[in-house]
Amino acid sequence: MTTTTLSLGAALNAGLRRALEHDRKVVIMGEDVGRLGGVFRITDTLQKDFGDNRVIDTPLAESGIVGAAFGMALRGYRPVCEIQFDGFVYPAFDQIVSQVAKIHYRTQGRVTAPLTIRIPYGGGIGAVEHHSESPEAYFVHTAGLRVVTPSNPADAFHMIQQSVAADDPVVFFEPKRRYWDKADFDVDAGPDLPLHRARVAREGTDATIVAYGSVVPTALSAASIAADEGHSLEVIDLRSLSPIDFDTVEESVRKTGRLVVAHEASTFLGLGAEIAARISEKCFYQLDAPVLRVGGFDVPYPPSKLERHHLPDADRLLDAVDRSLAA
Amino acid sequence: MVDKIAYPVQLIQPDGLRVFRPDYTSLVRDIRPDQLRDLYEDLVVARRMDVEAVALQRQGELGLWAPLLGQEAAQVGSARALRPDDYAFISYREHAVAYCRGVDPGVMTRMWRGCAHSAWDPSSVNVTNPAIVVGSQGLHATGYAMGAHLDGAEIATIAYFGDGATSQGDLAEALGFSMSFNAPVVFFCQNNQFAISEPVHLQSPVPIAQRAAGYGMPALRVDGNDVLAVLAVTRQATQRAREGSGPTFIEAITYRMGPHTTSDDPTRYRAAAETEIWKARDPIDRMRRLLDREGLLGEEFLARVQATADAVAARLRSGTVEAPDPAPLDLFDHVYSTDHPLIDEEREQYAAYLAGFAGIEEALS
């Protein structure tokens, strides 16, 4: 038992280090991932320790990073691409959705593309435009990709290793405003869950909140506040956005009868819409209230002085819970 | 390798006469009469396959086909420069490249018939399935070459694309990446003068090969209808790659004699007179004239070539018409390499739905 205190960012670094040690075909590539260690220092010291053939600083070209990584995957490598910020992934969108996602289907299973595409995402850090977006729905809508996001250091440590080891391409969203959140965990214990499973982050009986990534800690705070007010909220951390572990969500909703889905991304056609539709279909007779969504507004990501209004906070979550309980 | 874009390399004139170019003939010095005849056979087989596929499309057996008519020498010459462990990234018109790499003509049409998105196992012949988003494969070839470079493998990777693809950002990024990492890759542009209806001057006001200069990449132009010249320059480029001298850009100047695809109508956008000019530069006629001048064109040889071409075409035809339709539930296969609960659920539900019809059909029969 080796309990270590690590921030989410440091846990990702430790997880990537393990992945590099475990398989010599793992390579990291992206802008500034080498000597700088990435703009968030997630790849800090990795180039120093593994060399510039394993941790590759690339030209400033996102389609190039993913397209070249895809070619390396065809040669037997397991590249981990870093996209510097959420809003910079769009130039690589075609390579991700048209090439990486489809190669296994296109070749009837003859070719795999074991890429991990890391994207720091979401707001709340006071950044300028294109540095705070939540583009997960674009990728979740594309068959052939797995899309995951950890919400805490232990999951970050294990899920990055599970993603690198997966034979399918994984889009790995990192909740950047949680990079500095710390937790104790045993780095030598195995993961508690397979990559695709959701986690019940807090048990409760009155209503369920489903969240993922950066909003999970927000949902847990909301549940603590609600507990003080006499309401018992269950919080589910999805972890995997594609596939979604609906079994865990359905089981919770059958118990609580009420569901609020929360995410930072714009609400319209976001993951909340899919979850609401699915739960309405599967749990219609167990629901005591309509499924409610709390998300970012349907506006472009706003200037940072406005982001606290845009991002769901505990109060907006509790407001939705109150509406659900009142129904 | 020239650093300055010079007049296109040519080793055989349209009238079949050899061109005196010691710098390039030295690269094909080993091509003796038998190999010249083999190259001629490849050209004829490529055209015969293509004609057969167009006929199959007209007969309703293929949904679409992208004819290579006129581009046989560019494809055969470059593909025959490759070694078995080299790796080719192709686009959708490179049927002759696929054939030269050993793809079974009997499976070549799977994609065009709609049976599958791809036909063959890329690793069995070291040639990818065709890229349809033009230019994307330039990056894939670059990444593959970077991997080969890291492996210490002395191989070349070649990316095939057209003049239109050179306008795509991905190709520009591929040129940049390959130079930054000294990747052992050959960029092989078949400038066939048209991107569907758009003439090449709409893609670039300067020769396409000049694009490489901005990246510091050596480039040259070659007469793409001269199989021997294409073989020579591709051998030179792949050798540079294998030696660790980095990427090369080749612009093979050729002409798409037919439509872009069987759905296209080139009479809307180009003059018949232009096509006539290029007919006089036909790659097969040129090679035939060379063989004739050099006394290599016996009746027996021609009959043998025709027999081979007909056999390949017959194989392509039988493989096409006999290709079984995929089963409905194949729809759900291979989306992921491991289980995916939502797809498993959809498969199960659709299977049950289809099974319902089976009962009705039984009752009605």
Does A:Ile83 count as within 15 Å of the chain's Cα centre (by Cα) and either modelled with pLDDT of 95 or more or within 28 Å of B:His117 (Cα to Cα) (or both)? yes
Residues in the stretch A:90-111 that are surrounded by 24 or more Cβ atoms within 10 Å (Cβ to Cβ) and β-branched (Val, Ile, Thr) total 3
Of those in the stretch A:118-158 that are away from chain B (no Cβ under 14 Å) and aliphatic (A, V, I, L, M), the residue surrounded by the most Cβ atoms within 10 Å (Cβ to Cβ) is A:Ala156
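Please specify each residue of the stretch A:1-18 satisfying the condition of being surrounded by fewer than 21 Cβ atoms within 10 Å (Cβ to Cβ) and in a helix (DSSP H, G or I). Break it down into steps so the answer makes sense when it comes.
The initial filter retains those residues of the stretch A:1-18 that are surrounded by fewer than 21 Cβ atoms within 10 Å (Cβ to Cβ), namely A:1-5, A:7, A:10, A:14, A:17-18.
Selection gives A:Ala10, A:Ala14, A:Arg17, A:Arg18.
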Residue pairs within 6 Å by beta carbon, gap of at least six or interchain, first lying in the stretch A:298-322 and under 24 Å from A:Ala207 (Cβ atoms), second polar (S, T, N, Q), listed first then second, are A:Ala314/A:Thr218; A:Ala314/A:Ser221
If we ask which residues in the stretch B:112-129 are surrounded by fewer than 23 Cβ atoms within 10 Å (Cβ to Cβ), more than 9 Å from every other protein chain (Cβ to nearest Cβ) and in contact (Cβ under 8 Å) with a residue 40 or more places away in the chain, their number turns out to be 4
Is there a residue being away from chain B (no Cβ under 14 Å) and open to solvent by 20 Å² or more (accessible area, probe 1.4 Å) anywhere in the stretch A:163-176?
no
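Among the residues of the stretch A:120-156, count how many are small (Gly, Ala, Ser) and closer than 20 Å to A:Phe268 by Cβ.
Here is the first cut: in the stretch A:120-156, the ones small (Gly, Ala, Ser) are A:122-124, A:126-127, A:132, A:134, A:137, A:143-144, A:151, A:154, A:156.
Okay, now just the ones that are also closer than 20 Å to A:Phe268 by Cβ, so A:122-123, A:132, A:134, A:137.
Matching residues across the stretch A:120-156 total 5.
Kindly indicate whether any position in the stretch B:144-153 is more than 14 Å from chain A (Cβ to nearest Cβ), in contact (Cβ under 8 Å) with a residue 24 or more places away in the chain and open to solvent by less than 30 Å² (accessible area, probe 1.4 Å).
As a first pass, look at the stretch B:144-153 and keep what is more than 14 Å from chain A (Cβ to nearest Cβ): none.
No, the conditions are met nowhere in the stretch B:144-153.
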Listed by first then second residue, the pairs whose first member lies in the stretch A:1-23 and is free of Cβ contacts under 8 Å to residues at least 24 places away in the same chain, whose partner is surrounded by fewer than 23 Cβ atoms within 10 Å (Cβ to Cβ) and of a type in the set (Val, Ile, Thr), with beta carbons under 6 Å and at least 6 positions apart or on separate chains, are none
Worksheet entry | Test result for B:Met179, hydrophobic (A, V, I, L, M, F, W, C), within 23 Å of the chain's Cα centre (by Cα) and more than 14 Å from B:Ala252 (Cα to Cα) | no
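Where in the stretch A:21-107 are there strands (runs of 3 or more DSSP E), lying wholly inside it, with at least 2 residues that are away from every other protein chain (no Cβ under 12 Å)?
Hits in the stretch A:21-107: A:26-30, A:78-82.
Assigned by the TED database to the domain that holds B:Arg58, open to solvent by 50 Å² or more (accessible area, probe 1.4 Å) and assigned to a helix (DSSP H, G or I), is that true of B:Ala355?
On the way: assigned by the TED database to the domain that holds B:Arg58: no; open to solvent by 50 Å² or more (accessible area, probe 1.4 Å): yes; assigned to a helix (DSSP H, G or I): yes.
Against the criterion (assigned by the TED database to the domain that holds B:Arg58, open to solvent by 50 Å² or more (accessible area, probe 1.4 Å) and assigned to a helix (DSSP H, G or I)), B:Ala355 does not qualify.
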query = Can you spot a residue in the stretch B:159-171 that is touching a residue at least 60 places away in the same chain (Cβ under 8 Å), more than 25 Å from B:Ala229 (Cα to Cα) and more than 14 Å from every other protein chain (Cβ to nearest Cβ)?
reply = no
Looking across the stretch B:330-342 at residues that are assigned to a helix (DSSP H, G or I) and more than 8 Å from chain A (Cβ to nearest Cβ), the single one that is nearest to A:Pro114 (Cα to Cα) is B:Phe332
Expected single match for open to solvent by 50 Å² or more (accessible area, probe 1.4 Å) and more than 20 Å from B:Pro259 (Cβ to Cβ) among B:Phe89, B:Phe20 is B:Phe20
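The rows are residues; the columns are (1) touching a helix residue (DSSP H, G or I) at 6+ places or on another chain (Cβ under 9 Å); (2) open to solvent by 20 Å² or more (accessible area, probe 1.4 Å); (3) over 15 Å from A:Val210 (Cβ atoms); (4) among the hydrophobic types (A, V, I, L, M, F, W, C).
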site: A:Val260; (1), (2), (3), (4): yes, no, no, yes
site: A:Glu264; (1), (2), (3), (4): yes, no, no, no
site: A:Thr267; (1), (2), (3), (4): yes, yes, no, no
site: A:Glu281; (1), (2), (3), (4): no, yes, yes, no
site: A:Val291; (1), (2), (3), (4): yes, yes, no, yes
site: A:Asp298; (1), (2), (3), (4): no, yes, yes, no
site: A:Lys305; (1), (2), (3), (4): no, yes, yes, no
site: A:His310; (1), (2), (3), (4): no, no, yes, no
site: A:Arg323; (1), (2), (3), (4): no, yes, yes, no
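The values are calculated or read from the model by the stated rules, or taken from the named source; none is laboratory data. Quick caveat: nothing in here was measured; it's all calculated off a predicted structure. Note: ideal-geometry Cβ built from the backbone for every residue, glycine included; neighbour counts use all protein chains shown. In case anyone asks, the SASA skips ligands and DNA or RNA and just uses the protein heavy atoms, side chains included. Shrake-Rupley method; radii C 1.70, N 1.55, O 1.52, S 1.80 Å.
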